[in-house]
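The values are calculated or read from the model by the stated rules, or taken from the named source; none is laboratory data. Owing to the predicted nature of the structure, the values given are computational and were not obtained by experimental measurement. Note: ideal-geometry Cβ built from the backbone for every residue, glycine included; neighbour counts use all protein chains shown. Surface accessibility is based on the protein's heavy atoms, side chains included, excluding ligands, DNA and RNA. Shrake-Rupley method; radii C 1.70, N 1.55, O 1.52, S 1.80 Å.
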Amino acid sequence: MNINFTKMHGIGNDYVYVDGFKENIPNPNAFSIYISDRHFGIGADGLVMILPSDKADFKMRIFNADGSEAKMCGNATRCIGKFVYESGYTSKTNITLETLSGIKYLTLNVKDNLVESVEVNMGKAILVPKEIPVLSDLDRFIKEPITIDENTYMVTCVSMGNPHAIIYCDDVDTIPLENVGPKLEFHSLFPDRINVEFVQIINENTVKMRVWERGSGETWACGTGACAVAVSSVLNGYCKQGEEITVQLRGGDLKITYMEDGTVLMNGPATKVFNGTIEYKEA
């Protein structure tokens, strides 16, 4: 079977987007593994399906490079906003998107009929460990010690629909992320596995991070991760609530604001790379 797709990325966090209004993929888990391979497939951090919704304007399903389904992805939400507007599925610049972690609200910045950037209301951060989930009876999991290979890391956990473990360090570029990342991802404290961010504080309005995404490994950007890092940085006293925080990722910058009411706003670009067709035979 031939499947049409669009390759898009949000500051380097790249996915293969499939228009679920026109295409049917019986086994998206297996398809995501196939197309994500950067040598034998298209090459991506995973698969995003854009679908009709009876709860919002549109619905997304997202699958990691290992075939596991994620609840949502901040960078992908922005790309979906660009896709549905530029494909003519909507003329609105304020749209709603159904995800497995609830309805997200997108505001499109349009210039000359092209979407240049998207602001996403990501909802409120989840801080209760059992809801993240983290196997802990604490009210908050803030700078708690976790030992990996005799090294102890002070970890703060936040969920933005996806669970995140945030660790502060002096230099993110020297962290052996490919070694520490998977060991934290699969740590027994995290029953659903976890995304891992190492963060370097630049100043009270700027932080730098690297991310190990569960199911995909190190990626160039993570929208929910950037939001979780902004929340964590406020909780740990590095940044101020209500002020815009620039989060520097390997693929570019995101602007995050942790509002006084607990809502998190994310603003960043979305980029279309190319359209294509791939021949796919189910195993």
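Per-structure values
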item	result
Close pairs (9 angstrom Cβ cut-off, 6 or more residues apart or separate chains): basic (Lys, Arg) in the stretch 126-147, open to solvent by less than 30 Å² (accessible area, probe 1.4 Å) anywhere	Lys130/Ser136; Arg140/Leu127; Arg140/Pro129; Arg140/Thr156; Arg140/Cys157; Lys143/Val155; Lys143/Thr156
Residue satisfying condition, being surrounded by 24 or more Cβ atoms within 10 Å (Cβ to Cβ), in contact with a Phe, Trp or Tyr (Cβ under 9 Å, 6 or more places away or on another chain) and not aromatic (Phe, Trp, Tyr), within set Met8, Met49	Met8
The stretch 264-275 - residue that is open to solvent by less than 20 Å² (accessible area, probe 1.4 Å) and in a strand (DSSP E or B) and, of those, nearest to Gly81 (Cα to Cα)	Gly268
Matching residues, the stretch 206-215, being surrounded by 21 or more Cβ atoms within 10 Å (Cβ to Cβ) and not acidic (Asp, Glu)	Val207, Met209, Arg210, Val211, Trp212, Arg214
Matching residues, the stretch 167-192, being without any contact (Cβ under 8 Å) to a residue 40 or more places away in the chain, over 21 Å from Leu135 (Cα atoms) and either open to solvent by less than 10 Å² (accessible area, probe 1.4 Å) or in a strand (DSSP E or B) (or both)	Val172
Every residue from the stretch 248-263 that is assigned to a strand (DSSP E or B) and farther than 26 Å from Phe63 by Cβ	Gln248, Asp253, Lys255, Thr257, Tyr258, Thr263
The stretch 218-238, subset open to solvent by 10 Å² or more (accessible area, probe 1.4 Å) and in contact (Cβ under 8 Å) with a residue 24 or more places away in the chain, residue nearest to Thr77 (Cα to Cα)	Trp220
Odd one out for Ser233, checked against (1) part of a strand (DSSP E or B); (2) within 26 Å of Tyr105 (Cβ to Cβ)	(1)
Residues of the stretch 248-263 satisfying the condition of being crowded, with 16+ Cβ neighbours inside 10 Å and among the hydroxyl-bearing types (Ser, Thr, Tyr)	Thr257, Tyr258
Total residues in the stretch 1-34, condition touching a residue at least 40 places away in the same chain (Cβ under 8 Å), more than 21 Å from Tyr85 (Cα to Cα) and hydroxyl-bearing (Ser, Thr, Tyr)	1
Matching entry among Asn203, Asn195 (being without any contact (Cβ under 8 Å) to a residue 40 or more places away in the chain and crowded, with 19+ Cβ neighbours inside 10 Å)	Asn195
Residues of the stretch 30-49 that turn out to be more than 19 Å from Asn162 (Cβ to Cβ) and not in a helix (DSSP H, G or I), as a count	7
Residue satisfying condition, being assigned to a strand (DSSP E or B), open to solvent by less than 70 Å² (accessible area, probe 1.4 Å) and more than 30 Å from Ser32 (Cα to Cα), within set Ile245, Ile278	Ile245
